[in-house]
Every structure is written in C-alpha cells, then in structure tokens.
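Note sheet for the following structure.
Every number in this text was worked out from the coordinates using simple rules, so none of it is lab data. Keep in mind it's a predicted model, so treat the numbers as computed, not measured. All Cβ positions, glycine included, derive from the backbone under ideal geometry; neighbour counts span all protein chains shown.
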Amino acid sequence: MKKNNLILYITSFLSGMTVMAVELSCSKLLAPYFSSSQIVWSVIIGLIMICMSIGNVLGGRSADKHKSLGRLYFYIWLASVWIAIIPFISKYLIALIAGALILFFPVNNLVVMGSAISCLAIFSLPMILLGMVSPYLVKLGVEDTDNKGRIAGQIYAMGTIGSIIGTFVPTFFTIPYIGTSKTFLLFALLLNVVCALYFFFTRKKALRNSITAVLLLVFIFLPLNDSYAFWKSNIIYEGESIYNYLQVEETDDSIILSTNVAFGVQSIYKKDGSLSGYYYEYALMAPYFIKDMSPEKKLDVLVLGLGTGTFPKQLKKYIPNVTTDAVEIDSKIADLAVEYFNLKEDEANVFINDGRSFFSTPDAKKYDIILADAYQDITVPFHMATKEFFEIVKEHLKPGGILIVNINMKSGSFTGVPEYLANTVKSIFNKVYRADLLQVTNSLLFVSDDIQILENYKNNIRSQISENHDLYSISKYIDNNLVEMTDERLILTDDLAPVEILGQKALAEIVKSEVESVKRSLEGKSLKEIFQYLTE
C-alpha cells in the first residue's frame with residue numbers, strides 16, 4: 001500500500017478537480033438557454049450534490065461487494081468517456097428539452113424545470129460515478145490499518161484541494177481561453193491519465209485508456225464547431241466571457257447582440273445609423289425632462305451597462321455636446337461594441353467595472369442623466385435594484401438631474417420587478433413616471449427630485465421636436481403613456497431583493513403567451529408548412 005499511496009492521492013485530487021470543473025462548465029452549457037441566475041446555480045449545485053451522494057452510497061456498497069480497485073478505475077474511465085461526449089451532444093439535447101417544455105409541456109417555472117431536466121440528463125451519470133471514488137479508495141486502497149484514519153483523511157483532503165483548484169481553473173483559464181467544450185475534453189483526458197497511471201503501477205493492460213487518451217488529446221487540438229445556436233446561419237461572432245454567452249448576428253440592415261439563444265436580444269444596431277425602435281431609444285427622451293433643455297446644452301451622462309453602446313451613440317447624434325461615461329462589467333462586450341457596433345471614442349468613455357462599484361472610484365462624478373441599464377440574464381442584478389443602490393445614485397445626480405431605469409420582464413397578471421423597482425425609487429425620489437413599451441417586454445422609469453419634470457418634458461418636446469424630427473413618434477409615445485408611480489410599499493433592499501424569482505415568473509408568462517401565439521399561427525397548416533414556419 002505504501003508505494004501506491006501516490007496514485008490514490010492523485011486519483012482523489014483529479015476526481016475532486018473534475019467534479020468542480022464539470023459543475024462550472026455545466027453552468028456555461030445551460031446559460032445560453034436557461035440563464036446563469038442564482039436559480040439555475042441552485043439547481044446545478046443541488047442536483048450534482050444529490051448525484052455525488054448517490055455515488056458515495058453506491059461506491060461503498062460496490063467496494064464491499066467486489067473488493068477490486070480495478071473496477072473503480074473502470075468507473076472513472078467510463079465517467080471520462082461520458083464527459084468527453086458532452087460537448088458533442090449537449091447543445092442538441094438541451095435545445096430539445098427546452099423546445100419540448102415550451103411547446104408540449106408548458107410549465108410555470110421553465111427555468112427550473114428546463115435546467116433540472118437538462119442537468120440530470122447530461123451530468124447525473126458521470127457525477128454518480130465520480131461520487132464513488134472516495135469510499136472506494138478508503139475501503140480498498142488503505143491496507144495500513146495502523147494509519148488508516150490518517151491516510152483516509154489525506155485522501156479526502158486531496159479531493160478537497162482538487163475541488164478548490166477545479167473551481168478556479170475553468171473560470172479563469174480554460175473556459176476563457178479554450179472554451180467550454182475543450183474544458184470538458186481536457187478534464188476527461190486527466191481522468192484517463194489517472195486510470196493509465198493506476199494500470200501502469202499495477203502492471204495491468206491499459207490499451208483502452210491509451211486509445212481514449214490519444215483521441216481526447218487529438219480532439220483538444222482540433223477545431224470544434226461548438227455553436228450553441230446551431231440552427232442559425234447568420235452568426236458572425238459567438239463566444240464566452242467570464243460573465244456571459246455572447247452572440248452577434250448580422251442581417252441585411254442590422255447587427256444584433258444576444259447573450260441568450262432563447263430569450264430575445266440585448267441590442268440592435270442599424271447599419272445606416274437610423275433608429276431601430278428598440279427600448280433604449282425611448283430613453284433618449286431623458287434630456288427633455290430637464291428644465292430649460294436645448295440641443296446645444298452640455299450634459300454629463302452616465303450609462304450603467306454599456307452593452308454595445310447604441311444609447312450613447314444615438315445620444316451623441318441628437319445632443320452633440322453630451323459627454324458620456326459608460327460602465328460595463330464585461331470587457332468582451334465592450335470590445336464587441338467597438339469591433340461590430342461602431343462605437344467611437346468620442347461617444348463614450350468606457351470603464352470596465354461593476355455598475356455599483358464604479359461609484360466608489362475617483363472616476364465617478366455628478367451627472368445630469370444616469371441610465372441604469374444593467375442586466376443579469378433574465379432580470380436586473382439584485383444589488384443594482386435596491387434602495388441602498390438608488391441612494392448612491394441620487395448622491396451622484398446634479399440638482400434637477402434625471403435617472404432612467406430600464407426594466408425587462410414586465411408582467412400583466414402579477415406584481416413583478418417593474419412595480420418593485422418603481423416603489424423602491426419612489427421611496428427616495430420625488431417623482432417617478434413609468435412607460436410600458438410595445439413590441440418588447442421592457443418598461444422605462446423616468447425619475448427625478450424635480451417635481452416639475454413632466455411639465456419640463458411637455459414644454460421641451462413641444463418646442464424642440466417637430467413632426468419631421470427623428471424622435472417625434474418616440475416623444476409622442478412617451479408623452480401619451482407616462483403613468484406616475486406613487487406607491488412606496490414594495491421596497492427592495494440589499495437584504496431582501498427577490499428579483500430573480502420575479503423575473504422567472506414573468507418569463508414563464510411571456511413564454512406561455514408566445515407559445516399560444518405560435519400555436520394559433522400553426523392551426524390548419526400541413527407538416528410541410530409547419531416545418532417551413534419553424535425554420536424561417
């Protein structure tokens with residue numbers, strides 16, 4: 001046993017590291033379809049812990065019955081093969097599960113059910129197999145009975161150390177630099193290596209492991225088609241960052257950014273510079289809520305959530321003397337804004353930071369306008385939706401300044417994120433007006449301490465936006481659809497801000513409505529017509 005201690009420690013270490021690497025990579029696979037919200041993370045962690053527990057029980061029983069370490073290394077090899085197959089089948093399986101739930105088994109908690117079923121289908125077997133490792137090693141690997149407790153503790157410690165390293169390596173190294181698919185292949189290769197080491201030390205045949213290890217090594221260096229939106233033909237960029245799945249599409253007249261393959265788009269840029277009718281263009285009305293506004297007025301603007309920079313670009317077009325600071329947590333999105341969406345240096349000073357953390361830096365100053373347009377998957381980041389956050393925002397607004405809050409996932413049948421956010425900002429500011437937008441699921445809040453902002457707006461658009469102005473229809477829509485918010489009962493705080501639960505409920509309602517619309521469109525059509533409709 002003593003001369004074989006090393007292989008036991010290596011096995012425990014690599015198994016623990018692979019479990020965490022697979023768990024983190026799992027979130028990357030699910031994120032483009034179901035988001036990477038705390039809800040999805042809870043599903044992933046909970047189900048993988050269940051699988052590991054089942055593996056612990058089965059591993060102990062199998063070790064008692066078979067008394068063969070060779071059998072354990074066969075299980076590890078089997079887990080490695082399954083993990084290696086994941087990059088090639090997972091996107092099709094997840095898309096099939098998501099589509100089936102949406103079309104045939106509509107549920108109120110699509111995110112929970114979709115991510116849970118996908119997680120179980122793809123990851124349960126390898127996690128159960130890897131859960132068998134520790135009890136197997138302790139039962140059959142430790143023959144030194146005088147030091148059994150110490151060696152068992154060391155085996156478990158090596159597994160824990162592996163898990164710690166497996167937490168950081170995918171996040172900061174493999175996923176950003178070689179991608180999620182090859183991360184699976186790399187850790188599958190490591191499991192094959194530990195199996196080969198065992199068979200080498202025990203002088204058993206290891207041809208099977210040698211073949212699979214060579215194949216995995218080849219696949220790691222081969223280019224892989226790992227597109228998540230495999231049914232689309234107009235994607236000009238698809239990649240991943242630490243924070244997001246990123247997809248850029250090109251149509252005849254537009255460039256489109258999406259951070260999710262299933263739930264809408266984040267930004268649309270018209271190649272000719274014209275308006276797209278998307279939500280952020282309604283936020284261009286913010287300057288007209290300021291008293292004595294004019295097109296020549298100098299304005300300091302802060303955008304929390306740059307995205308592709310379409311808002312500061314359009315703002316510069318209509319208010320030439322504007323200076324815009326933009327905060328974006330994802331540096332890759334900022335790079336895409338320049339490369340694909342034509343964002344210029346004079347249109348935005350970009351800071352790579354969290355929207356809330358930015359206010360504690362020397363770069364933050366007082367602004368005439370602050371746009372809070374940060375997203376986290378299906379809803380807003382909770383720490384940028386609370387009373388404490390908006391108190392900080394208020395400190396950085398000039399007298400008479402305007403705060404605009406963009407909110408996704410409005411609901412028609414229950415109290416959701418728009419109502420909570422409106423109530424929260426109303427508890428801090430004098431005036432809050434809400435405008436629900438058509439064609440999209442967004443609402444905008446126009447907020448200020450100036451009690452005359454509505455009168456300011458009406459006077460400014462009347463005097464400055466004529467019928468032939470690009471923004472005329474937008475200005476009229478906002479004018480006709482502003483509703484003052486007066487309630488202050490629903491307050492989000494740093495301690496209690498269930499925005500993800502509210503966002504999930506709204507998503508379920510939106511999906512249900514869209515599915516019903518599609519079903520009505522398909523009524524009476526032949527199979528050929530249905531296929532053509534779905535693939536258009």
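In this rough spin-label picture, where each label sits 7 Å from Cα along the Cβ direction, the Lys317-Val193 distance is 5.3 nm. Roughly how many Å is it from the Cα centre of region 149-166 to that of region 418-472, as a whole number? Result: 57 Å between the Cα centres. Of all DSSP beta bridges confined to the chain, the antiparallel ones make up roughly 60%.
Rounded to the nearest 5, the antiparallel percentage of DSSP beta bridges internal to region 276-499 is 40%. Here Leu125, Leu306 are placed in order of increasing Cβ neighbour count within 10 Å, fewest first, which gives Leu125, Leu306. Taking label positions 7 Å along the Cα-Cβ direction at both Ile236 and Ile501, the computed distance is 4.3 nm, reported to one decimal. For region 262-335 and region 67-137, what is the centre-to-centre distance using only Cα atoms, to the nearest Å? So the two Cα centres are separated by 43 Å. Computed from point charges on the beta carbon alone (+1 for Lys and Arg, -1 for Asp and Glu), the dipole magnitude for the chain about its Cα centre is near 2620 Debye.
What 222 nm value per residue comes from the helices of the chain, counting each DSSP H run with n ≥ 4 as -39,500 (n - 2.57) and dividing by all residues, nearest 500 deg cm²/dmol?
Details: 18 runs with 279 residues, N = 536.
After summing the helix terms and dividing by residue count, I get -17000 deg cm²/dmol.
What ranking do Phe358, Phe351, Phe74 get, fewest neighbouring Cβ atoms within 10 angstrom at the top?
Ordered by Cβ neighbours within 10 Å, fewest first: Phe74, Phe351, Phe358.
In region 276-499, taking the dipole from charged Cβ atoms about the Cα centre, the farthest positive-side position among Ser473, Leu302, Pro312 is held by Ser473.
Charge dipole (Cα centre; +1 on Lys/Arg Cβ, -1 on Asp/Glu Cβ; no other charges) of region 325-389 amounts to roughly 300 debye.
For Ser475, Ser53, what's the fewest-to-most ordering of other Cβ within 10 Å of each Cβ? Write out the running numbers ahead of the final one.
Details: Ser475 22, Ser53 13.
In order of increasing Cβ crowding within 10 Å: Ser53, Ser475.
For region 276-499, how big is Rg over Rh, using alpha carbon atoms and the Kirkwood form of Rh?
Details: Rg = 16.2 Å, Rh = 17.5 Å.
So for region 276-499, dividing Rg by the Kirkwood Rh gives 0.93.
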